[in-house]
1. Of all residues in the stretch 28-54, which are under 30 Å from Gly98 (Cβ atoms) and either surrounded by 12 or more Cβ atoms within 10 Å (Cβ to Cβ) or among the small types (Gly, Ala, Ser) (or both)?
2. Only one of (1) in contact with a strand residue (DSSP E or B) (Cβ under 7 Å, 6 or more places away or on another chain); (2) under 17 Å from Asp179 (Cα atoms) fails for Asp81. Which number is that?
3. When residues of the stretch 59-103 are filtered for being in a helix (DSSP H, G or I) and hydroxyl-bearing (Ser, Thr, Tyr), how many remain?
4. For the stretch 182-199, state whether one or more residues are in contact with a helix residue (DSSP H, G or I) (Cβ under 7 Å, 6 or more places away or on another chain) and modelled with pLDDT of 65 or more.
5. Quick test of your reading of the structure: Val9 fulfils all but one of (1) within 30 Å of Leu111 (Cβ to Cβ); (2) under 29 Å from the mean Cα position of the chain (by Cα); (3) loosely packed, with under 10 Cβ neighbours inside 10 Å. Name the failing condition by number.
6. Looking at the stretch 76-96, which of its residues are buried (at least 23 other Cβ atoms within 10 Å of the Cβ) and over 16 Å from Ala65 (Cα atoms)?
7. Within the stretch 21-53, which residues are charged (D, E, K, R), in a strand (DSSP E or B) and without any contact (Cβ under 8 Å) to a residue 24 or more places away in the chain?
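The values are calculated or read from the model by the stated rules, or taken from the named source; none is laboratory data. Model, not experiment: these values are computed from the prediction. Here the Cβ is made from the backbone with ideal geometry for all residues, glycine too, and neighbour counts use every protein chain on show.
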Amino acid sequence: MQARKDKVVRGLTGGVESLFRKNKVTRVTGVARLRSANQVEVAGESKTVLETRRVLIATGSKPTALPGIAYDGRRIVHSTDALTLSEVPRRLVVVGAGAIGLELGSVWRRLGSEVHVLEFLDRPLAGMDYASTALLHRALEKQGLTFAFGATARAARVEGDQVHVTVAVGGEERVETADVLLVAGRPSPLHGRVGREGAGRRDRRPRPRRRGRELPDQRARNLRDRRRHRRADARAQGRGRGDRRRRGHGREPWTRRLRLHPQRRLHLARARERGARRARGARAGAARSTSASSRSSPTPARAPWKNATDRSS
């Protein structure tokens, strides 16, 4: 299994290198450090300075060590070492019920390990909503994972082939025994070695958007745009700033005036078109039925002494 995993990893990394060559991306191997906002120094076989307009920092992360717990790569492992274990542990204790800990715990449980998860908070994946975490909790318990919430791993020591973990739960301490202890805490970013402090770094985060609503800064920009468009329309129509137009005159359709998502606006426009087509089809069908009934039952001939204006008998 480990050999197949290594083969898959080699294939994926080789695919990235082929994409680099295909898209004419130059790969420079070495240790990089920012000299300024537009210069990157790479120390490899020879020191190279790269000039650029923008720098994207994507250095990854490293596992976080807990106080009192030291990694040895064999009995006390982090998420990277957990992928290279030489044998399936009989009992595995996972510290942290986050995405990494639950994923690795589920994998080793399906391979035959007895998995026990320690979590400081009151539920797994605390950053998600309660309904989703409840469903995930039940699914993992059906797989065979056991959980201890409100628990903290204080220390761990290796004795022979066993790991003894000191766990604090509700003010009381107990000792858990396992073959392997997996510490799956939140990884820390590797930003400290790239020299970003003096490089004039500027974070550009994506602006949050809400469907059907406008954020304050977005609302201010849209208001300015609407005022500018109204002034341009007034100049085109020869109206001054003080002239007031009739309410509703010359405005855009209601589907454009509403603060709707573009896809919702398209659905409304299509629904209105379908309604208009059905109305036209109903009118055409009524006209056809009227003409057919008039042809099938012709009007009886009037007597010669009856004219169109005389309605008396």
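1. Ala32 - this is the single residue of the stretch 28-54 that is under 30 Å from Gly98 (Cβ atoms) and either surrounded by 12 or more Cβ atoms within 10 Å (Cβ to Cβ) or among the small types (Gly, Ala, Ser) (or both).
2. Status for Asp81: all satisfied but (1).
3. Applying the first criterion (in a helix (DSSP H, G or I)) to the stretch 59-103 yields 81-84, 99-103.
So of that shortlist, the ones also hydroxyl-bearing (Ser, Thr, Tyr) come out as 84.
Total satisfying the criteria: 1.
4. Yes, because at least one residue in the stretch 182-199 is in contact with a helix residue (DSSP H, G or I) (Cβ under 7 Å, 6 or more places away or on another chain) and modelled with pLDDT of 65 or more.
5. (3)
6. Residues satisfying the conditions are Pro89, Leu92.
7. Glu41, Lys47, Glu51
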